[in-house]
Amino acid sequence: MHNPQLNAHGELNHLLSIDGLPRDVLTHILDTASSFLEVSDRDVKKVPLLRGKSVFNLFFENSTRTRTTFEIAAKRLSADVINLDVARSSTAKGETLLDTVDNLVSMHADMFVVRHASSGAPYLIAEHLRRTGRDDVHVVNAGDGRHAHPTQGLLDMFTIRHFKKDFSNLTVAIVGDILHSRVARSDIHALGALGAAEVRAVGPQTLLPTAIERMGVRVFKDLREGIRDCDVVIMLRLQNERMNGALLPSAGEYFKCYGLTPEVLALAKEDAIVMHPGPMNRGVEIDSAVADGPQAVILSQVTFGIAVRMAVMSILAGN
Amino acid sequence: MQAQNIHIRNGRLVDPKSGIDRQVDVFVADGLVQAIGTAPNGFVADRVIDAAGRVVCPGFVDLSARLSSLDSELVAAVAGGVTALACPPDTHPPLDEPELVERLVRRSEAIGLAHVYPIGALTQQLAGEKLSEMVGLSRAGCIAFSQATKPIFDTQVLLRAMQYAANFGYAIRLQPQDHYLARDGVAHDGEVASRLGLSGIPVCAETLAISTALHLAEETGVRLHLSKLSSAAGVALVREARNSGVKVSCDVAIHHLHLSETDIGYFDSHARFDPPLRTSSDREALRAAVAEGLAVVCSDHTPVDEDGKQLPFGEALPGAVGLELLLPLVLKWADEARVPLLLALARVTCDPAAVLGIEAGSVSVGRPADICIFDAQEPWCVSPETLRSQGKNTPCIGWEMTGRVCATLVSGRVVYER
């Protein structure tokens, strides 16, 4: 089956998912991101790679943080950035997703950064662009349902590479609500493609997707066992609406069983790093002593996120 | 259109009910099959159809076809060789009042293409709460009662519905799916859904509902038909119940014999079905159930316009058109599974007719001449232009098919010809 992210020459035309991307494509993005890191340290934080291009932030689901980092990344590449709060405008008036896209294409959009509550929505847009002969317009998935959040996955890989250099000897634990997490799925695919030695999925069965082991992970229902001797611990956010109900009895019991405390973290390797895609729920999935502790690299993730998003947009635009 | 005297010459008659599979002529007059083999005395043909190299068989009987527009979909039916079809009650408004059923019957008779057999709503508004007026609906033309895809939450209502139906000898059809377990689900709960981040419908949603239905059917003695099985475990339950003497029949939708969860690919909404496509081993079990005669095959014809499909997978409407693809897809299955034509055609002719309890699905002397003539070798490629249905929604666009309907007779009239 043709991978809709790649063009006829096997080059990245859209970034929709990490699933199916070869290692060299990922490495190229990470290397490019490295070269952008220093741009953020300059007095004039801009390079002209996307000058004259229009990037549309198309957020069908609210997200201030991710939208802002994409906006900063696009502006540092000198693009014109248009933020559309679609959650509250056109679609609320009954316009379909693809009608919205057609309208923006007519306004000469060069790139869409799409966040949508439904898994696969960016694929629908990319396929529509192909069918209407507008393959020159690029799509970046900024999170679709539970499916994928590829730039988050890439910035997580960038962070791991920054601190651990090489993937081949790493044991990585992903902890928490994997069932609903697009970040977890993107991380699992990225770690697989980059050759991590072992990827673990840690959480209660109510929060683990069916047949998750078929994605190449080892499943641990017990946090202590899952964390033992890990090099990297990726904590996932537990959404408020999942805390009290049929998935979990309470936030308190969840923290007791799956919250990352200094005592639990001590079971990991001494130099293990702790990551979190944010926003954190302190005292639910992570103890403040860990979140603010020396092993946490959570704020580095945010900084690297901008460089990674610059790299993705720059590569898609053909640089 | 006046009924003609028609001589169907040199065709290979395949009639599963009688077991005939040989080259023989068929003579039609006054809407009925008058003779097979030798012309009746004094028969003068108004028309001779040369069926040399072609198969002559009973028109297909389809257990489930949604008719978005009666005019277009009945044309699609006869173009697909379907001469009798049952229409589920989830129309707008649902078929829960005798007047609606009478109107449907009247209009379809006036159109004069495929025979339409309405299935009445089991409960008012299909809401699963109050029983519908089954006697009135039956008199208006309903041949069975069903909830289509709508749930009955309260098991006591289901029990009462079955008791009431059993009291009058009516058949009940259920699409077995536990509403709570299937809630929000859009795909089979397995590897593909997990990878794509789609909410899953577990197999136990089907098996649990089958178990409930079978227990209640045994309790009430109602004639139960389970529609659109999707899993190996579901098939196994029905087989076991049948072996222990429960009166139950079941069907499988034609797409489930060919597709599996992997056909979702990159979120292809044309692979969204209700019930969902499951694993390839489930598909094999469904094929086996059809081959052994446990299950019959229906088209589950469901036209959906482009707006209903051009949406993210989970928001898109489920279903595909099937009336015009029923024959080639049955032939494709028969070919791949090495099932003889006679047996394969039984699953879309006399077997579903028996489920419906109607006199159809057979070419026999004295019976209405509902006949399909097809070329079993003709290759063709499915494209939107080849479909007469209003719906062009099918995962089979671009498929190379073998076997195509050449002509269809309903009550002795040629209603389709190519």
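The values are calculated or read from the model by the stated rules, or taken from the named source; none is laboratory data. Since we're looking at a predicted model, the values are computed, not measured. We place every Cβ from the backbone using ideal geometry, glycine too, and count neighbours over all the protein chains shown.
Points worth noting:
- So A:His2, is it within 30 Å of B:Pro312 (Cβ to Cβ), in a loop (DSSP other than H, G, I, E, B), more than 17 Å from the chain's Cα centre (by Cα) and away from every other protein chain (no Cβ under 14 Å): no
- Those helices (runs of 4 or more DSSP H) of segment B:299-347 in which at least 1 residues are in contact with a helix residue (DSSP H, G or I) (Cβ under 6 Å, 6 or more places away or on another chain), at pLDDT 95 or above and away from chain A (no Cβ under 14 Å), considering only elements entirely within it, cover B:326-337, B:341-346.
- Identification of helices (runs of 4 or more DSSP H) wholly contained in segment A:201-319 with 2 or more residues that are under 30 Å from A:Phe112 (Cα atoms) yields A:298-316.
- Number of residues in segment A:9-47 that are of a type in the set (S, T, N, Q) and at pLDDT below 90 equals 1.
- Residues satisfying the stated conditions in segment A:1-24, i.e. under 18 Å from A:Asp135 (Cα atoms) and surrounded by 12 or more Cβ atoms within 10 Å (Cβ to Cβ): A:Asn3, A:Pro4, A:Gln5, A:Leu6, A:Asn7, A:Glu11, A:Leu12, A:Asn13, A:His14, A:Leu15, A:Leu16, A:Ser17
- Across segment B:181-198, the qualifying residues are those that are at the interface with chain A (Cβ under 8 Å from one of its Cβ atoms) and touching a residue at least 24 places away in the same chain (Cβ under 8 Å), and the one among them that is surrounded by the most Cβ atoms within 10 Å (Cβ to Cβ) is B:Leu198.
- Residue list for segment A:203-247, restricted to those being surrounded by 21 or more Cβ atoms within 10 Å (Cβ to Cβ) and either under 21 Å from A:Gly145 (Cα atoms) or within 14 Å of chain B (Cβ to nearest Cβ) (or both): A:Gly203, A:Leu207, A:Leu208, A:Pro209, A:Ile212, A:Val217, A:Ile234, A:Met235, A:Leu236, A:Leu238
- Count - residues of segment B:248-273 that are within 14 Å of chain A (Cβ to nearest Cβ) and not in a loop (DSSP other than H, G, I, E, B): 7
- In segment B:199-208, residue farthest from A:Asp19 (Cα to Cα) [restricted to those that are more than 11 Å from chain A (Cβ to nearest Cβ) and surrounded by fewer than 24 Cβ atoms within 10 Å (Cβ to Cβ)]: B:Leu208
- The listed residues are B:Pro118, B:Pro176, and the only one of them that is modelled with pLDDT of 95 or more, buried (at least 18 other Cβ atoms within 10 Å of the Cβ), more than 14 Å from every other protein chain (Cβ to nearest Cβ) and in a loop (DSSP other than H, G, I, E, B) turns out to be B:Pro176.
- Positions within segment A:25-60 being in a helix (DSSP H, G or I), surrounded by 19 or more Cβ atoms within 10 Å (Cβ to Cβ) and over 17 Å from the mean Cα position of the chain (by Cα), in sequence order: A:Phe36
- Test: residue in segment B:290-297 that is more than 14 Å from chain A (Cβ to nearest Cβ), small (Gly, Ala, Ser), at positive phi and more than 14 Å from the chain's Cα centre (by Cα): yes
- Subset of segment A:178-199 that is in contact with a Phe, Trp or Tyr (Cβ under 9 Å, 6 or more places away or on another chain) and surrounded by fewer than 24 Cβ atoms within 10 Å (Cβ to Cβ) - its residue that is farthest from the other protein chains (Cβ to nearest Cβ): A:Ala197
- Criterion violated by B:Ala3 - all others in (1) buried (at least 22 other Cβ atoms within 10 Å of the Cβ); (2) at pLDDT below 95 satisfied: (1)
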